[in-house]
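The values are calculated or read from the model by the stated rules, or taken from the named source; none is laboratory data. Bear in mind the structure is a predicted one, so any value in this text is a computation, not a measurement. So basically every Cβ, Gly included, is an ideal-geometry build from the backbone, and we count neighbours across all protein chains shown. The area values use the complete protein model at the heavy-atom level, side chains included, leaving out ligands, DNA and RNA. Shrake-Rupley method; radii C 1.70, N 1.55, O 1.52, S 1.80 Å.
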Amino acid sequence: MTFLPAYTRAVDSYETLIQEIRTNLDGAHQDFLDQSLEEIRHIMPQDANREQLTTPNSEDIPQRGTAAVSSPTYVGKASDIHFIHSIRQCVQGREQFAGEDALAQNYSETHVSESLAALKHPLLFPSPAEADQFLEVYLSTIHIAYPFISKSGLLEAFRRFQAKDVHKPEFRPWLAMFNFVFAIGSYYTSFPQGKNSSTRDHYRYYDQGLYYSRELNADCSLMNIWVLLVQCFFLLAVCHTDRCWNTLGFAIRMGQSIGLHVESSTGCKSEMDRANWRRTWYSMYVLDRLLALQLGRPMAIHEADFHVELPSAIDEAPWGSLGNEGPIATRPSERGCMMEYFLEVIRFSHIVGLVIRGLYQPSQVDLSPDIMLHSASGLDRRLNEWKDSLPRNLRFDLGHTFEKSISFKRQVGASSH
């Protein structure tokens, strides 16, 4: 163990240099610099003169040219990867197909940060206009389908963020939340720039979200579950599906630890609190089925293991009552339609669970074609009954000439493709 008295002098030299540079910046950049310095000082030793620093052993230093070996991942017969492999096998033949197994089994081709310890760059803050745009992207996409957090609560915290009222410890989870929201918004708004765009700001926002959430794992709370869920949707957007799967599993376990899966155990005093818990649980339920089907893996949530009432069809809490304040002002009629949409997605996800259990259980791989066909016919009938029971405004396979909601127009356009 080596004592380094020069450590303090080096830090003081950097501080002096930073202050000299700071005087040449405008007010906005000075604020960003000050915020970054505050975060750096937060993780520095409190007393550098007494800090004993160790020189890492040579075994601890990664050798150049060596790469981490990724563990193999399992994808089942229900997965889209297995489907694509089966098509290639039919078209190309077995020999060509077998050689591509190792590459095609990986859902995590894009890079995201592996370290939660520190930031590699100064903090990146969006401009007020960019922040509004990123939040609007989140509210008009993810929030429509997964309304686990109320819009009013999100906008109230967002106003505090814009006012830089963020230094209290209780606001740190919101800093993680907003950086993941900004990562989603930055990623979606980068599409028009094309594949040759050099911007990777969404990964920097994601790293910052990890930085702010690094201390949340030990605390099981509804807020921390929300942070994990928003992180899931960024990972899903950048096709890091395996990591999304793991993060969602952690969120589900955290939800079970505080009793989200049992209606009577919540202890909530208000109807809005109960609505928040229900929407959060069923958002995880829907995403769990989506990932289980995509990856061909077992579901983490089973109907026999929870008892939670469905969210109310007239629940307006997800969108608040802020009138025209903030991005994405929503009419009351649209709010009702959106909750109706969420409820139908929950019912559809229940059928997805039946498909996974009925057709793709490991113990049923060798079922006879007749039994498989009989099971598939029954599930197909249930799916058609669900579709036929949908109200017309949710039948995206039908024409909606006079539809005014931008969100529902997007759904119609997506279903037509």
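Overview of results
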quantity	calculated
Highest-first arrangement of 176-185, 25-34, 162-171, 222-231, where packing means the average Cβ count within 10 Å	176-185, 222-231, 25-34, 162-171
Relative packing of 350-358, 245-253, which averages over residues the other C-beta atoms within 10 Å, highest first	245-253, 350-358
Carbon/sulfur fraction of accessible area - the stretch 205-249, other protein chains in place, 1.4 Å, %	53
